[in-house]
Amino acid sequence: MSELLIRHACVVDPVNRISGEIMDLAVRDGRIVESVSDRAEVIDAQGFLTMAGGIDSHTHICGTKVNFGRYMSPEDMRAGRTLKKGQMHSTSGYSVPTTYGNSYRYATMGYTAVLEGAMAPLEARHTHEEFMATPLQDTMANVLFDGNWPVMEAVRDRDVKRVAAIVAWVLTAVKGFAIKITNPGGTEAWGWGKNVTCIRDPVPYFEVTPAEIIETLIRANEILRLPHSVHLHCNNLGTPGNYSCTIGSMDVAPDLNKERQSLYVTHVQFHSYGGTSWKDINSKAHVVADAVNRKPHIVIDMGQMMFGKTTTMTADGPMEFNLYKLHHNKWSNHDVELETGSGIIPVYYSRKSIVNSVMWAIGLELALLIKNPEQCLLATDNPNGSPFVKYPEIIALLMSNPYRQAEIATLPPETESRISLPAIDRELDWNEIAMMTRAGQGRALGLRKLGRGHLGLGAIADIAIYPLSIGAIDPSKEYTRVIEALRLTRYTIKNGKVIARDGEILSNRNKTTIWVRPKIPEQHRMDHDPDFIRNFERYYTVRMSNYPVQEAYVPESTCIETEAVW
Amino acid sequence: MIFTLNTGRTIQQGNNVEMKYHPDYAKEVSRCHMNPLDMLDLGVMDGERVRVTGPAGSVVMYVVQDETVSHSTVFVPYGIYANQVISTETHGTGMPDFKTTEANLEPTEDSVLTVPELLRALGGMPYVA
Amino acid sequence: MLHEDVVCPFCACLCDDLKVETDNGTIVKVDNACDLGNHKFLTDDDHRLKEPIRRTPSGWTSATLQHAIDRTVEILLGADRPLLYGWSGTHGEAQSIGVHMAEVLGGVIDSTTSVCHGPSILAIQEVGHPGCTLGQVKNRADLVVYWGANPIEAHPRHMSRYTTYTDGFFLDRAFKERKVIVVDIRRTQTAEVADEFILIKKGGDYAVLSALRAIVRGKSDMIPATVAGVTKEQLLRIAEMCKKAKFGAFFFGMGITQTQGKYKNIRNAIELVDELNRHTKFTLTPMRGHYNVYGFNEVCTWMTGYPYAVDFCRGMAFYNPGETSAVDILARKECDACLVVASDPAAHFPKDAVRHLGEIPTVQIDPYPNTTTAFCELQIPVAVTGIDAQGTSYRMDGVPIRVKSILNRGYPTDTDILGEIYRRIKEAKRV
């Protein structure tokens, strides 16, 4: 039995309606409990801001394309190096750090769980290998289904149960967490160097539309009763005028789940552009935010872009090639047979660029115009919008109108007429920030009832204590202190153990990989389906028996079993 | 006569890759494949021997007539014989000139050294079970 | 006993459809493998080193495993600048321990990459890599280009499993529907099956690639009558074939990584593929050699940020191939101890690099005696990954496959031995 008592914590825990109350938190065997014995280890939180561990519900930190981002970018590796020190391995990388780099930086920012945004099933083993080398966060992986041949065929046949059965087989085989669709249909078209423009374009050969793929997968998701909803990266990312496609995609989603959203739309900043070309691009964040406000069954994340150097990486292969043609930097692409694609290019977001300035404003506008913070989560699509180490600056921008105005003053003057940010004076409070960085993620991922994203009795004792007395400062004026405090926790506690203190890592390993195993009726399972097996053996280049990820790749594993409603 | 030494993988070299003391390995990687016209110019016949001298030294190999090899180049399955003449210079890339080493070829009566002999010449002690 | 869907641990095709029959601890039959794979499985037992061996002034003698490990730890701890080299012939879990070990020791770690596709990686770091998994090629490609690669000898099932001869989803009669272009400086066996063979004069790859780029960009006027021995007529025909293809797949081998120009050739090839993507779909894949050479690059990258040639002497990862790569370090006589794992540098390095291995304490961990053995103080035999050890391997296109163990010959695995050495080093360094 291990016990921990955190005294004088200034707790912000919106799930349990605790808002800046100074209190003690008792922890036994990794869970929050009523009280502990007097033998408990004691930590004095000194009245500092204390929240549940941060959860990143959309980030790229592990797997084939992330590693290729490192592999092709020694310049990025050199830009973020730390020495081997104590228990810490040396690290490399600024926008795409090594696995230890990611893990240490997230840990010292108080983040204890992360969802890898895109895992190609065929290469899942790779993602799990990197998860094993990411020692201090609980890890989950979105599994890509945007160009999955058997799924598209079943969609074409309007057989939602078959779609569900395929998803169940794949998720179980690759030890994945949720359904991800990246540019649905577009990644398959990219197999021929083509793309789809929006949700009504038919996919070459398969003759299904992105809208049909999205809707059928949402229904299949709920048949399987998966913890998370479908996680969508819309078609037409990063194109002027794409906001209407984004809203059209949201309109496709039925409202099927009472406990959480039915559709999670990711990095919406990249999908909220007005205008007809790069010359007249403008923000349509207010239109998208209105749509989200009217649809409680939708949750989005910001996909905030921050100025500076980063690396873009996504399963959206055609989009990356278009971006390459604009930037003329280096370009990598990796299409995955029968499943999906991916692309990578390095970028520099400049505050001298009107386009980049508009992008910067859009992310913030979304967060400020969407009324319910649980519907707009904080993420940068790390590292696409910016590396996650910029989260403290984003939080400060959301909490301080003066900070935003000071930043706007540095942008090209032509920007102002294209955005609505200068006129928005909303300033988020700590409850709302907690919603956007942990509580909302807990709900959106379906993990709140499993004790994540909050500090109620029975919750998992993942706790972040930041060196900031929130009662004593005004974030609107003292935003630089907010940034400083959120960069480095005084303590990060995971499963009741201190893993980081003042930037120093104190644990070798403390994690689990969370994955789902949906149970469906035996006779519908794909491993008994002759068509599925025949096509698998015929068109994949690995044998079906060698495809599933073995137990050896999840030595620390939390399997969520669900019972399908058939 | 100066030739460009080109090395590369062959199926026999691959088959013998885990049995480097076996005579089959030596036989495969000590073969210097030459265009018949070049052989005529140099005055060697198939199965005869040439001394190949490059920036790092020289080694004796067997001549193998091979129509697929282009004029003024020779092909040697990559391995310990070719490496007797190739320099460690990598031009800042980490990669030696495995396919572009200039080498002088001359007919010779000297014998082809065995793998253990080559290893001993470099200070090694061959292991034979 | 029949083992199905066995993964072949020879080349980076990583064929996973072998049927292997074992009987009483020996392999008696192999189906589906190529000549190289067959040979590896069927002759494996004949060549294994049976126990650790130690070199004495009078010859080789057997050593206990305990002594071998003690002495290896002593050598590595006593070295100022140890080189940990090889790694392509073992599983990822062992490679990962190797990288950790290099970090703790402040040593240099490099793999056979530096003498095979290292230049490809340098080019990718300049201009990126438009690639795909091999199934994309199998199911879609109507044009396949092999440039400076001879798969019939080096990757014998590449053409029948992934390209020329295999039917795919969008190609019912692949052999008829797919065109093959082979480019080389000699008429290889692969050239014999090509629809178009381009015979280039030695060292002419860069010029021919540039000419094709110019033609694809619509600048054919500037092309002379021949380029590096290739006629303009043929170049125009090839460029047209590439542009007209629905899906083109470009494979390249050491024929352009090792020749003059090295990584600049690959850069040019990648930029040709970039250019072709403005007309149609084109991808590019290096023909990686060892079955897990790419795995080392993956492991080393997620752990250190760099794919090979990583120097930890500054307490963090430093990468500069040409300086921190194995041949250069040996040629400068910079390392004062060497651990060789799962490769045979004495056969594949220029002789002056090999000579230095014999002048410093060198230890080899490898199932077989090889030419490097001759320069070692000690060799520790281990299980062969794919035969009596299992673990992760990465195919040439980055697809990770778990390689299986099909029998037990009583050897420790690389992971066992390296894990123990690493543990002892950490203990000594109080990590």
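The values are calculated or read from the model by the stated rules, or taken from the named source; none is laboratory data. Everything numeric here is computed off the predicted structure, so don't read it as measured data. Counting neighbours? That spans all protein chains shown, and the Cβs are built from the backbone with ideal geometry, glycine included.
Can you confirm whether the stretch A:312-327 contains a residue that is assigned to a loop (DSSP other than H, G, I, E, B) and either under 21 Å from the mean Cα position of the chain (by Cα) or modelled with pLDDT of 95 or more (or both)?
yes
Please work out which one of (1) touching a Phe, Trp or Tyr at 6+ places or on another chain (Cβ under 7 Å); (2) surrounded by fewer than 24 Cβ atoms within 10 Å (Cβ to Cβ) is the condition C:ASN292 fails and give its number.
Answer for C:ASN292: the failing condition is (2).
Being over 24 Å from the mean Cα position of the chain (by Cα) and under 17 Å from A:SER283 (Cα atoms) narrows it down to one residue among A:ILE354, A:ILE362; which is it?
Testing whether each residue is over 24 Å from the mean Cα position of the chain (by Cα) and under 17 Å from A:SER283 (Cα atoms) leaves just A:ILE354.
Select from the stretch A:123-152 the residues that are among the acidic types (Asp, Glu) and closer than 21 Å to A:GLY53 by Cβ and list them in ascending order.
Answer for the stretch A:123-152, where residues must be among the acidic types (Asp, Glu) and closer than 21 Å to A:GLY53 by Cβ: A:GLU130, A:ASP138.
A:MET305 - would you say it is under 20 Å from the mean Cα position of the chain (by Cα), in a loop (DSSP other than H, G, I, E, B) and buried (at least 24 other Cβ atoms within 10 Å of the Cβ)?
It is true that A:MET305 is under 20 Å from the mean Cα position of the chain (by Cα), in a loop (DSSP other than H, G, I, E, B) and buried (at least 24 other Cβ atoms within 10 Å of the Cβ).
Return yes when C:GLY25 is out of contact with any Gly (no Cβ under 7 Å at 6 or more places or on another chain) and under 18 Å from C:VAL299 (Cα atoms) and no when it is not.
Criteria not met by C:GLY25.
Hey, among C:ILE425, C:ILE417, which residue is more than 24 Å from the chain's Cα centre (by Cα) and not in a loop (DSSP other than H, G, I, E, B)?
Going through C:ILE425, C:ILE417 in turn, the sole match is C:ILE425.
Tell me which residues, restricted to the stretch C:398-431, are of a type in the set (D, E, K, R) and touching a strand residue (DSSP E or B) at 6+ places or on another chain (Cβ under 7 Å).
Within the stretch C:398-431, C:ARG402, C:LYS404, C:ASP414 qualify.
With respect to C:GLY128, is the statement that it is in contact (Cβ under 8 Å) with a residue 60 or more places away in the chain, at the interface with chain A (Cβ under 9 Å from one of its Cβ atoms), small (Gly, Ala, Ser) and within 26 Å of C:GLU271 (Cα to Cα) true?
Yes; evaluated as a whole, the condition is true for this residue.
Find the residue count for the stretch A:69-86, including only residues that are part of a loop (DSSP other than H, G, I, E, B), touching a residue at least 60 places away in the same chain (Cβ under 8 Å) and more than 8 Å from chain C (Cβ to nearest Cβ).
Summing the residues that are part of a loop (DSSP other than H, G, I, E, B), touching a residue at least 60 places away in the same chain (Cβ under 8 Å) and more than 8 Å from chain C (Cβ to nearest Cβ) in the stretch A:69-86 gives 2.
Please verify whether B:ASN6 is crowded, with 16+ Cβ neighbours inside 10 Å, at the interface with chain C (Cβ under 8 Å from one of its Cβ atoms), farther than 13 Å from B:GLU106 by Cβ and out of contact with any Cys (no Cβ under 8 Å at 6 or more places or on another chain), treating the condition exactly as stated.
The answer is yes for B:ASN6.
Exactly one condition in (1) surrounded by fewer than 21 Cβ atoms within 10 Å (Cβ to Cβ); (2) among the charged types (D, E, K, R); (3) within 12 Å of chain B (Cβ to nearest Cβ) is not met by C:GLU21; state its number.
(3)
Which strands (runs of 3 or more DSSP E) does the stretch B:18-129 wholly contain that include 1 or more residues that are at the interface with chain C (Cβ under 8 Å from one of its Cβ atoms) and in contact (Cβ under 8 Å) with a residue 12 or more places away in the chain?
In the stretch B:18-129, the matching strands (runs of 3 or more DSSP E) lie at B:57-65, B:73-77.
What helices (runs of 4 or more DSSP H) lie completely within the stretch C:163-278 and have 1 or more residues being more than 14 Å from chain B (Cβ to nearest Cβ) and out of contact with any helix residue (DSSP H, G or I) (no Cβ under 7 Å at 6 or more places or on another chain)?
Fully inside the stretch C:163-278 and qualifying: C:174-177, C:205-216, C:232-244, C:263-276.
Evaluate the following for C:ASP45: is it farther than 27 Å from A:ARG81 by Cβ and at pLDDT below 95?
When the stated conditions are applied, C:ASP45 passes them.
Report, by residue number, each residue of the stretch A:179-192 that is touching a residue at least 40 places away in the same chain (Cβ under 8 Å) and not acidic (Asp, Glu).
A:ILE179, A:LYS180, A:ILE181, A:THR182, A:ASN183, A:PRO184, A:GLY185, A:GLY186, A:THR187, A:ALA189, A:TRP190, A:GLY191, listed by residue number.
If a residue counts only when it is surrounded by 15 or more Cβ atoms within 10 Å (Cβ to Cβ) and within 25 Å of the chain's Cα centre (by Cα), which helices (runs of 4 or more DSSP H) contained entirely in the stretch A:428-539 have at least 3 such residues?
Because the criterion is at least 3 residues that are surrounded by 15 or more Cβ atoms within 10 Å (Cβ to Cβ) and within 25 Å of the chain's Cα centre (by Cα), the helices (runs of 4 or more DSSP H) in the stretch A:428-539 that meet it are A:430-434, A:440-444, A:479-487.
Could you tell me how many of the residues in the stretch C:49-61 are surrounded by 19 or more Cβ atoms within 10 Å (Cβ to Cβ) and at the interface with another protein chain (Cβ under 9 Å from one of its Cβ atoms)?
Count: 4.
If you go through the stretch A:357-374, how many residues are polar (S, T, N, Q) and crowded, with 24+ Cβ neighbours inside 10 Å?
Summing the residues that are polar (S, T, N, Q) and crowded, with 24+ Cβ neighbours inside 10 Å in the stretch A:357-374 gives 1.
Which of the numbered conditions does C:MET287 fail, given that it passes all the others? Conditions: (1) within 14 Å of chain A (Cβ to nearest Cβ); (2) touching a His at 6+ places or on another chain (Cβ under 7 Å).
Only one criterion is unmet by C:MET287, namely (1).
Among (1) among the β-branched types (Val, Ile, Thr); (2) buried (at least 20 other Cβ atoms within 10 Å of the Cβ); (3) within 16 Å of C:PRO367 (Cβ to Cβ), there is one condition C:THR26 misses while meeting the rest; what is its number?
Exception for C:THR26: condition (2).
With the requirement that a residue be in a helix (DSSP H, G or I), of a type in the set (A, V, I, L, M) and within 14 Å of chain A (Cβ to nearest Cβ), what does the stretch C:131-155 give you?
Within the stretch C:131-155, C:LEU134, C:VAL137 qualify.
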